[in-house]
Structures are given as C-alpha cells and as structure tokens.
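One structure coming up, written as structure tokens, with questions to follow.
Values in this text are rule-based calculations from the coordinates and carry no lab data. Quantities reported herein were computed from a predicted structural model and do not represent experimental measurements. Cβ sites come from the backbone with ideal geometry, for glycine too, and all protein chains shown count toward neighbours.
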Amino acid sequence: MKLAHEFEVAAPVETVWDLLLDLERVAPCLPGGEVTGKIDDTRYNVMVKIKLGPLALTYRGEITIVETDKDARRVVMEGKASESHGQGTARATISTLLESHGGLTHAQVETDLHLTGRVAQMGRGIVEEVSGRMIGEFASCLSATAAVANTREGDAAPILEPPPRARPVSMLQLLRATLWSLSRSLVNSLRRRRKGD
C-alpha cells in the first residue's frame, strides 16, 4: 500500500531537518510512538501503540535511517515491527523531502506500507484515515517542538525542549472526524443541487 502526505512546519528547514534525524527527540511526536533503545547511529528500537475502539495494539521493532541527502533535504527510513500480542506485522519504507517556503518548511512524505494481521483486515480506507490523522498530529507536534527552540545565554547552538507526547490515535476521534467530513460533503452536495435548480 502506497500512501502520500504533505504538511507544513512553522520553522526553518534547517531546524526541521535536524529534528527529523534526531529520532529519540522526535519519536514522541508520532501518536503512540516511542524510541526504546539505540542500536547504533542509524538504527533504533521502537514501540508504537495504536488504539482502534476496543482494539489496542502494540508494535515493537526497529527503524533504520537508510539514506540521507542533506543538500536535497531528503531522508529515507525503513521500519519493521511485530505485534507484541498477536501475529500482525508492519513494514514500511518512508521517504521524506523537505523544502524551504519563506521561512516555513514544506514536507512531502511517501510511505510504502505492508501490513498483516488484524489491522490489515480493516481495509485501506481505515488505514488511510488513521495514517492521515497520525501525520497531522505529528506535524502539529513537530511545529510546536521547533517553535520552542531557544538559545542558552552564551551558546551558539539552539537547544530544543522535549516535545509533548502525542497520544495514540483513538477510533472514536477518527469516527467523529470521518462523520464530520461526510456531513460537510453531504451539505455541500445539497447546496450545489439547490443552486442548479
């Protein structure tokens, strides 16, 4: 399954690039995400918790930075994980490209995702909704983290405070957002029909 997302961060591209490569600092921005250990400079042990209604899943695995191009501001990461209590697995290749837009940072994220187990049975639509919501919360947290960058007196390098921990995505929140989106589409469709009459 291939997924594509775009978002903007209210911070210079240099700051966002440094944050993106600091997985221990930025992982809590992903809802339910956590780095549980560092294997080496490019590999980390990770845990991700996802809550879908009564279904609470915990995945444990590794994420590896396989490619970085500082000039192009492009990074490729590969992740693999398994359910802690179940047979499900997840594998992903995530390519992120950053571009500077007048003091802001525009990010393009392409994900090649392979799922097995209970989550895979929920269908592409649910997976797209959940991933879109997770990316949205990740972007908001990333902006907040970059915004609190400050410089200690006498230091040249910015010091970034720890980001607020994002909560796992809730199926109830997702359902509300989906129903709201559907109701707006229905209202807009009715308005267009009335104008056509």
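Under 24 Å between alpha carbons, and skipping anything fewer than 8 positions from residue 80 in its own chain: which lysines qualify?
The qualifying lysines are 2, 38, 49, 51.
Sticking with this one: Below 8 Å between Cα atoms, with a sequence gap of 6+, how large is the relative contact order for the stretch 1-137 in percent?
Values: 268 pairs, mean separation 35.6, N = 137.
Across the stretch 1-137, relative contact order equals 26 percent.
Within 10 Å of each residue's Cβ, count the other Cβ atoms and sort 5, 85, 101 from fewest upward.
Numbers: 5 18, 85 8, 101 11.
The order, fewest Cβ neighbours first, is 85, 101, 5.
Given +1 on the Cβ of Lys and Arg, -1 on the Cβ of Asp and Glu, and no further charges, what dipole in debye does the stretch 1-113 carry about its Cα centre, rounded to the nearest 20?
On the way: 12 positive and 18 negative charges, 105 e Å.
That gives a dipole near 500 debye.
Hey, another quick one. If each residue's Cβ is checked for other Cβ atoms within 10 Å, how do 69, 112 rank with the fewest at the top?
If I rank by nearby Cβ atoms, fewest first, I get 69, 112.
Separate question: Averaging sequence separations of C-alpha pairs under 8 Å and six or more residues apart, then dividing by the length of the stretch 39-91, give the relative contact order as a whole percent.
Working: 92 pairs, mean separation 14.8, N = 53.
In percent, rounded to a whole number, it is 28.
Report ³J(HN,Hα) in whole Hz for each residue of the stretch 39-44, in order, from the Karplus equation J = 6.51 cos²θ - 1.76 cosθ + 1.60 where θ = phi - 60°; Gly and Pro get x.
In residue order, the calculated couplings are 7, 7, 5, 10, 10, 9 Hz.
Convert each backbone phi in the stretch 105-122 into a coupling constant with the Karplus relation 6.51 cos²θ - 1.76 cosθ + 1.60 (shift: θ = phi - 60°), then list the ³J(HN,Hα) values in order as whole Hz, x for Gly and Pro.
10, 9, 10, 10, 10, 10, 10, 9, 10, 10, 10, 9, x, 5, 5, 4, 6, 6
Along each of its three principal axes, how wide is the spread of alpha-carbon positions in the stretch 1-90, in whole angstrom units, largest first?
Projected onto the principal axes, the Cα atoms of the stretch 1-90 cover 42, 29, 25 Å.
Still on this structure: Sort 39, 94, 63 by Cβ crowding within 10 Å, fewest neighbours at the top. Display every interim value, and only then the final one.
Numbers: 39 11, 94 17, 63 23.
Least crowded to most crowded, the residues run 39, 94, 63.
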